[in-house]
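What follows is a set of notes on a single structure, which appears directly below.
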Amino acid sequence: MSKYPYQKSESDWKEQLSEEEYRVLRQKGTERPFTGKYNIHFQKGTYTCKGCNTPLFESSSKFDSGCGWPSFDEAIEGTVEYIRDTSHGMIRTEILCNHCGGHLGHVFNDGPTATGQRYCVNSLSIDFES
């Protein structure tokens, strides 16, 4: 049994999400850098989880880090789960939606703002509401 409040069967996830969204959100994939629709996107609003529509990031926390993925300096409190990730010969912190467990990306301690954080998020993992 999953620990996340929002649950679906794998077949339901596959029906809801595109093949690429499923690969990223449910199989911890990564979209190619500089290809996501929210990489260079600076409208005012809220970025939500593509899987369950949970609000995750406010547009006021978004910045252009030049890394090729949407970057934020903080998440909305309580919406993101942090998991130690030692894959690919690195030590990183994976970020997941705290409501459905969807893979969002990773957070790094090299952000240029006062928080010092850079949440590097896949566009395929999020939606936007103005």
Fill in the blank from the handout: All-but-one check, Leu124 against (1) in contact with a Lys or Arg (Cβ under 8 Å, 6 or more places away or on another chain); (2) surrounded by fewer than 19 Cβ atoms within 10 Å (Cβ to Cβ); (3) assigned to a helix (DSSP H, G or I), failing number (2)
Completion exercise
Subset of segment 15-34, residues touching a Ser or Thr at 6+ places or on another chain (Cβ under 7 Å) and closer than 11 Å to Ser123 by Cβ, comes to Val24, Glu31
Problem - Members of segment 94-114 found to be of a type in the set (S, T, N, Q) and either surrounded by 20 or more Cβ atoms within 10 Å (Cβ to Cβ) or assigned to a strand (DSSP E or B) (or both), listed by number - result: Asn98
Practice task
Consider Gly51 carefully, then state whether it is closer than 10 Å to Ser123 by Cα and in contact with a helix residue (DSSP H, G or I) (Cβ under 7 Å, 6 or more places away or on another chain).
Solution key: no
Practice task
Go through segment 13-40 and give me each residue that's within 18 Å of Gly66 (Cα to Cα) and in contact with a strand residue (DSSP E or B) (Cβ under 7 Å, 6 or more places away or on another chain).
Solution key: Tyr38
Exercise for the section: Please tell me if Glu21 is in contact with a helix residue (DSSP H, G or I) (Cβ under 8 Å, 6 or more places away or on another chain), touching a residue at least 12 places away in the same chain (Cβ under 8 Å), closer than 28 Å to Lys8 by Cα and part of a helix (DSSP H, G or I). Expected result: yes
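Coordinate-derived values only; no laboratory data. Note that this is a predicted model, so its numbers are computed, not measured. When we count neighbours, we look across all protein chains shown, and the Cβ atoms used for this are built from the backbone with ideal geometry, even at glycine.
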